[in-house]
Amino acid sequence: MTAEQAAYFYFLSDLPKASVTSGNESCNWEKSANEARTAGGLGDRPLIVLTAGKAFIPDEPAAAKEAAAFHQVWVNEVQPKLVRLSTRGRQIIVEKSGHGIQFEAPDDVIGAVRETVAVVRTEQRK
């Protein structure tokens, strides 16, 4: 995505319709969480979990406090549980990024993919 496309994406995501539409993401939250809980392990497959370092903080003070608390649980409890799905899992907190890591820090995503592919290729040669 070009810088211009990213700017347009963020512009669109700030529109009132976007919050109504993206609100639908939360309606499947419990189903998604249950699927994640029952997924089982990944054995010794390499796994890198990229975690947003910046929390989304709403303007309303009570919601901001709740969002900040949720972010701490997400970073320090939920994401580390994902890491433990693999005996070779590790978490990378992408400090400069929020939830949209693929847009905000694409080099970190590319780096994690390349690192994982390199590990797998090295193991296949053995």
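Based on the alpha-carbon gyration tensor of the range 42-126 and its eigenvalue square roots a ≥ b ≥ c, which shape applies: rounded if a/c is under 1.5, prolate if not and a/b is larger than b/c, or oblate? Verdict is oblate for the range 42-126. Put a dot 7 Å past the Cα of I93, heading toward its Cβ, do the same for V113, and the two dots end up 2.6 nm apart. If you take all other residues with their beta carbon under 13 Å from the beta carbon of L42, and give Lys and Arg +1 and Asp and Glu -1, the sum is +4. When T87, T51, T38, T116 are sorted by how many other C-beta atoms sit within 10 angstrom of their C-beta, beginning with the fewest, the order is T38, T87, T116, T51. In this structure, L85 and K31 have a Cβ-Cβ separation that, at R0 = 22 Å, corresponds to a calculated FRET efficiency of about 0.70. Amide H to amide H, with H built 1.01 Å from N, S86 comes under 5 Å of L42, counting only residues 5 or more places away or on other chains.
FYI, it's all coordinate maths here, none of it is from the lab. This one's a predicted model, so the numbers in the text were calculated from it and none came from an experiment. Methodologically, a virtual Cβ is constructed for each residue, glycine included, from the backbone with ideal geometry; neighbour enumeration extends over all protein chains shown.
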